[in-house]
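For reference, the structure is listed below as structure tokens.
FYI, it's all coordinate maths here, none of it is from the lab. Please read all numbers here as calculations on a predicted model, not as lab measurements. We place every Cβ from the backbone using ideal geometry, glycine too, and count neighbours over all the protein chains shown.
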Amino acid sequence: MNLRGYLKLAQSPFQMMLAYRTATFLRCLGVVLRVYLMRVFWTAVYGGGGAVEGIALPMMVTYATLSNVQGLITSSYVHWGVQRRVRDGSIVIELLRPYGFLRSLLAWSIGDSLLWGGLMAIFTLAASLLFVDLQLPASLAAGLAYLASLILATGVGFFLTVIVGLVAFWTLEITAFNMIFEFLSLFLSGGLIPLWFLPPWARRIAELLPFQSLAHLPLSIYIGKIEGAAIWIALLKQAAWIGVLSVVVWLIWKAAERKIIIQGG
Amino acid sequence: MTNEPMTNEPMTNDQLGFGIWSLGFLLRVLRLVMLAGIKSRMEYRLDFILRVVMALVWNLTSLVFIWAVLARFRSMAGWSQEEVFFIYTLRLLAHGCYCLLFHNVQVVSRYVRWGDFDRMLLRPLNPLLQLVIWEYDPAGIGDLGLGLICFGVVTRLLELHWTLPALVFLVLVVAGGCLIELSLFLIINTLAFWITEASRLTWIVITFSDNFALYPLDIYNALLQFVLTFLVPVGFMSYYPATAFLNRTGDTLFTPAFAYLTPLVGLALFALAYSFWQMGINRYQSTGS
Amino acid sequence: MAPMIVAQELYREFRTPKRYPGFRGSIRTLFTREYEIVRAVDHVSFSIERGELVGYIGPNGAGKSTTIKMLTGVLVPTSGYVETGGLIPYRNRQKLARRIGAVFGQRSQLWWDLPLIESFRILKEVYRVPDETYERNMRTFNKLVGLDELLNTPVRQLSLGQRMRGEMAAALLHDPEIVFLDEPLIGLDVVAKEHMRQFIAEINRERGVTVILASNDMSDVERLCQRIIIIDKGKLLYDGTIEELKRRHAPYRTLVVHFGEDYSEIYADGAELVRRDGTRAWFRFDRAVNPQWLIANLSERYLITDLFLAEPTLEEVIRGIYEATSHLPESSEPSGR
């Protein structure tokens, strides 16, 4: 499968976005509403007070806004595709395709995230600027590092989602697993509540898990909570997680292959 | 050549299909059909448990969020952590009742789209009642169960003493809130008679009820306060009655009387929604969808 | 006695906004005031007496379902008069619902996941069927179509034929005076169809239930209905008996013959060769002609490997009606009664 093939695969989400204009619009609207609600919420909660854990209200609002908007980029839906293919058996064909199932998933996901997600994120952010006073990143370096961190976060999200999808080989129905997964990821990623506001025991758990790569790390870089050399460490952590998760995925994939070959699906 | 079109003729009250004298009949039918729905769902036990768990996770997300943030920040807009939790609980109780009893109202648009609605019109029973009880799904027990647990917890936290009148009022408030949510979804689904894609809008009601209604209205700007009180009155599901129970009627927005209006708002909104529903049926019969 | 069903100049049109092609066209569609009018039921009149078994025949899209919807109160006519059981259907929908039953071929009214008996129990309650009537009917249904053996099976596990038996019984449970059957035999095999026909004939005969049987297949109704009404493109084409219909508009039958050899020229006495396809030939002959004679005549001269007799199809009959009435002015009376 050559470059053109992969490009075509990456384009399909873009085309789908055009086809599902209304759904895309509604999704963006949903995010904008959530951003607004979060702005109102945090304003009320701060109640005119000063910084908490070193974060003042404007930065907190920025954090929450970016967290919601970047979710459009970092969230991946490949697990449903995997489940579907396992359920209808077409996964067997994928095993035979020369370019490898995972690589095609990745290509699709990148198109999905960067093009579709990116476009939606830009629109949503622009709309949010109407009522949110978005703070600039702590420094130019922080801003650039944020973007790099965001791309890495997308990678982590991709592999995590693939793992959820591969569970379909054993349970066929991943809805329950996915639910628990999303619930954990919501809180442990720092996307909903910044990790500094959580009780210490929760924070310790979050630091051990990959979820913090999804929101906490990139956002902390942006608002300057992580600075200087610590930025490199954070980026390395994300890259390391990508490495670890890709190995996990490879292991699960091999186990799944064995299962298909032995049991016939 | 053609006669006077008959679509302007008013519909008779036959549409209601039941009167006080046949309440016993109604209860028997309800019990039988809902039992059938439950039995039908139990055929797919795992699926049922999944749906209950999903509802729990959905509600728990907001709950944990509010709890964790307020554990750190202690209050918002003059409402303490426990008081905000109380607002959340009131809303969850009403929502739980709605889910347990009337959730099926959201299949209306599907029935209309697929032409299964005709069957409902051909039976000697109120079509709205049929839609709500046919294929009944008791998964709402999860929401209501969580609501009751929260109620127990918050009562202890706030050291609330429930006198009999207060409890009676609580039941009325929960019933009123349930009617509010039912009416909102009924209105959206009735739109399906005109716009087939109307079901997409349910998401809007859900956003208002699941998100905006969770907090004291004090935190919103004037426009939103207006909307949440007079347009999409989910404020009456949680915030307004909370001011009554927590003896904060001095702080109630607009007027303290609103703290006690929930049952009336529920009834009024339902009357509105039901008339709209009747219009929808008339339209269905006049244009053949 | 007053007729059971009355339709006078029943008219129902559907307006769809005229659609323009292309993107600019879709904008124009939003603002257009031009409509395309579909005349689903075009000034149809008939009346049906109590106890009749009437076939309501027409090709797909002819207006059968629309008519039934108006007769049952689901749909309001655009104009015209309709009366069912002495009531105006769309004004007295629920009052009428107690007295009518309906089977819609594609749509089930039974509970899919539960045993058949559960559906009956629910319907018994909804229609307020007295215990006695319920017991009596269940016994009758069992006698006629062997319902008991199906009662404990979930509906989703029943075959189509079995399910239709259940649907029919469900429609009759509350002793309705009129039963509307919209394509009840569709998809059934020959044996199941026959059983259903017998069931329908039985309840019509024994209980005097008025039956309206809508279908696009004439053979469905041929042995059941004394009277048929033919509708096409919303217009009533014929209202009378089948014999009369055939005599007037399709006074012929077709003999389809497979020959053993590819003969260059084929002819038959007393029959017209209407179509030829290789070794197959279609001969149309008048009803008065004895087919045996025709077959003998052909087999004397040709080698025949297979043959069968075909009755005129609904399409052929309808074409016959159009041809017969084409020379008459526009607002002509439908042929027949």
Simple Cβ-charge dipole of region B:92-228, Lys/Arg +1 and Asp/Glu -1, about Cα centre, in debye nearest 20 = 220
Whole-angstrom gap from region C:52-68 to region C:90-169, using each part's C-alpha centre | 23
Roughly what % of Cα-Cα distances in the protein assembly as shown sit above 35 Å, to the whole percent?
-> 64
Go through chain B and flag any cysteine with no other cysteine's C-beta closer than 4.7 Å, please.
-> B:CYS99, B:CYS150
Here FRET efficiency (C-beta to C-beta, C:ASN152 to C:ASP131, R₀ 25 Å, nearest 0.05) is 0.80
So for region C:161-277, what are the equivalent ellipsoid semi-axes in whole Å, largest first, each being the square root of 5 times an eigenvalue of the Cα gyration tensor?
-> 37, 19, 12
Could you line up B:ASP143, B:ASP210, C:ASP217 from fewest to most neighbouring Cβ atoms inside 10 Å?
-> C:ASP217, B:ASP210, B:ASP143
Quick one: if you take sqrt(5λ) for each eigenvalue of the C-alpha gyration tensor of region C:8-158, what semi-axes come out, biggest first, whole angstrom?
-> 39, 22, 14
Any idea what the alpha-carbon Rg over 2.2 N^0.38 Å comes to for region C:101-153?
-> 1.14
Where the convex hull is taken over the Cα atoms of region B:169-289, what is its projected area averaged over directions, in nm²?
-> 7.5
What size of dipole, in debye to the nearest 20, comes out for the protein assembly as shown about its Cα centre when the only charges are +1 on Lys and Arg C-beta atoms and -1 on Asp and Glu C-beta atoms?
-> 1780
In Å³ and rounded to a whole number, note down the convex hull volume per residue for the Cα atoms of region B:58-145.
-> 113
Along each principal axis, Cα extent of region C:221-270, largest first, Å = 44, 24, 19
Once the mean 1/r over all distinct Cα pairs of region B:237-282 is inverted, what Kirkwood radius in angstroms do you read off?
-> 11.8
Cβ-defined net charge surrounding B:ASN189, 15 Å radius [Lys, Arg +1; Asp, Glu -1] = 0
Bins of 5 Å, starting at 0 and running to the largest distance - Cα pair percent for chain A = 1, 6, 12, 15, 18, 16, 13, 9, 5, 3, 1, 0, 0
What is region A:159-234's relative contact order, in percent, from Cα pairs under 8 angstrom and six or more apart in sequence?
-> 21
Say a paramagnetic label sat at a point 7 Å from the Cα of C:THR16, along Cα to Cβ; which residues of region B:177-210 have their backbone N under 12 Å from it?
-> none
Going out from 0 in 10 Å bins, what whole percent of all Cα-Cα distances in chain C drops into each bin?
-> 5, 21, 25, 22, 16, 9, 2, 0
All-pairs Cα distance distribution in region A:108-171, expressed in whole percent, bin size 10 Å | 17, 35, 32, 12, 4
In which sequence would C:GLU52, C:GLU300, C:GLU206 go, from the one with the fewest C-beta neighbours within 10 Å to the one with the most?
-> C:GLU300, C:GLU206, C:GLU52
Final fewest-first order of C:TYR81, C:TYR90 on the 10 Å Cβ neighbour count is C:TYR81, C:TYR90
How large is log10 I(q)/I(0) at q = 0.10, 0.24, 0.25 Å⁻¹ when the Debye formula is applied to the Cα atoms of region C:129-214, each weighted equally and without solvent?
-> -0.23, -1.37, -1.47
Calculate, for C:VAL38 and C:LEU309, the FRET efficiency according to 1/(1 + (r/R0)^6) with r their C-beta to C-beta distance and R0 56 Å; round to the nearest 0.05.
-> 0.90
Principal-axis tilt of helix B:45-73 within chain B, Cα atoms, nearest 10 degrees | 30
Alpha-carbon Rg/Rh ratio, for region A:26-135, with Rh computed the Kirkwood way | 1.18
Averaging over all projection directions, find the projected area of the Cα convex hull of region C:160-207 and quote it in nm² with one decimal place.
-> 3.1
Degrees separating the helix C:291-301 axis from the principal Cα axis of chain C, which is the longest one = 40
Positive end of the charge dipole of chain B (Lys, Arg +1 and Asp, Glu -1 on Cβ, about the Cα centre): tell me which of B:THR163, B:TRP277, B:THR252 has its Cα farthest that way.
-> B:THR163
With label points built 7 Å along Cα→Cβ from the Cα atoms of A:TRP170 and B:LEU160, find their separation and express it in nm.
-> 4.3
Equivalent-ellipsoid semi-axes of region A:95-227, from the Cα gyration tensor, Å, largest first | 28, 21, 14
Take the Cα pairs of chain B, get the Kirkwood Rh, then feed it into Stokes-Einstein at 25 °C and 0.890 mPa s and tell me D in µm²/s.
-> 120
Top positive-direction residue, dipole computed over the protein assembly as shown with Cβ charges, set B:ALA175, A:LEU217, A:TYR77 | A:LEU217
Points 7 angstrom from Cα along the Cβ direction at B:SER80 and A:TYR20: gap in nanometres?
-> 4.6
In nm, to one decimal, how far is the modelled label at B:ASN247 from the one at A:ILE233, with both set 7 Å along Cα→Cβ?
-> 5.2
Rounding to the nearest 20 debye, state how big the charge dipole of region C:222-298 is about its Cα centre with +1 on each Lys and Arg Cβ and -1 on each Asp and Glu Cβ.
-> 440
Would you mind checking the tilt of helix C:314-325 against the longest principal axis of the Cα atoms of chain C, expressed as 0 to 90 degrees and rounded to 10?
-> 80
If R0 = 56 Å, then B:LEU30 and A:ASP88, at their Cβ-Cβ distance, give a FRET efficiency to the nearest 0.05 of 0.90
Given the C-alpha centroids of region B:159-219 and region A:105-157, what is the distance between them in whole angstrom?
-> 35
